[in-house]
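Inspection log for the structure reproduced underneath, given as structure tokens.
A short reminder: the numbers here are calculations on the coordinates, not readings from a lab. Because the structure is predicted, anything quoted here is derived from the model rather than measured. Virtual Cβ from ideal backbone geometry, glycine too; neighbours counted across all protein chains shown.
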Amino acid sequence: MLHTVNKSPYERRNLDACLERAVKGSTILLYEDAVYAALAAGGFAPRMRQAAQDFEICVLGPDLQARGIQDAPLVEGIRTVDYTGFVELVAAKGTATAWL
């Protein structure tokens with residue numbers, strides 16, 4: 001299953017809720033303000049390092065760019081995708097849940 005998260009983990013608990021309920025092996029895509037969770041120097045990095053052991057975690061590159069953080073180091077194991085990659089994830093997983 002593909003889980004999409006769009007809110008900053010510093011403002012809302014939707015990423016925490018997703019990580020608590022997603023089945024091991026699921027894919028999680030961070031977009032919009034959720035991309036801040038992927039930053040290696042961020043306060044959420046330890047949680048994301050741990051999560052990357054159980055989930056495939058992707059971050060939407062254009063949203064990193066829109067926030068001016070496209071060159072910032074990401075947590076190891078997090079993969080950047082573009083819009084085409086986003087569509088490919090949706091098609092490959094077949095089922096998606098949006099954590100709004």
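A41 satisfies every condition listed in (1) closer than 21 Å to F86 by Cα; (2) in a loop (DSSP other than H, G, I, E, B) except (1).
A quick yes/no check of all residues on (1) in contact with a Gly (Cβ under 9 Å, 6 or more places away or on another chain); (2) assigned to a loop (DSSP other than H, G, I, E, B); (3) farther than 19 Å from L100 by Cβ; (4) among the hydrophobic types (A, V, I, L, M, F, W, C):
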{"position": "H3", "(1), (2), (3), (4)": "no, no, no, no"}
{"position": "K24", "(1), (2), (3), (4)": "no, yes, yes, no"}
{"position": "I28", "(1), (2), (3), (4)": "no, no, no, yes"}
{"position": "Q50", "(1), (2), (3), (4)": "no, no, yes, no"}
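With respect to the conditions (1) surrounded by 13 or more Cβ atoms within 10 Å (Cβ to Cβ); (2) over 14 Å from the mean Cα position of the chain (by Cα), G43 falls short on a single one, namely (1). Can you name the residue in region 46-80 that is among the hydrophobic types (A, V, I, L, M, F, W, C) and in contact with an Asp or Glu (Cβ under 8 Å, 6 or more places away or on another chain) and is also surrounded by the fewest Cβ atoms within 10 Å (Cβ to Cβ) among such residues? By that ranking, first place goes to A52.
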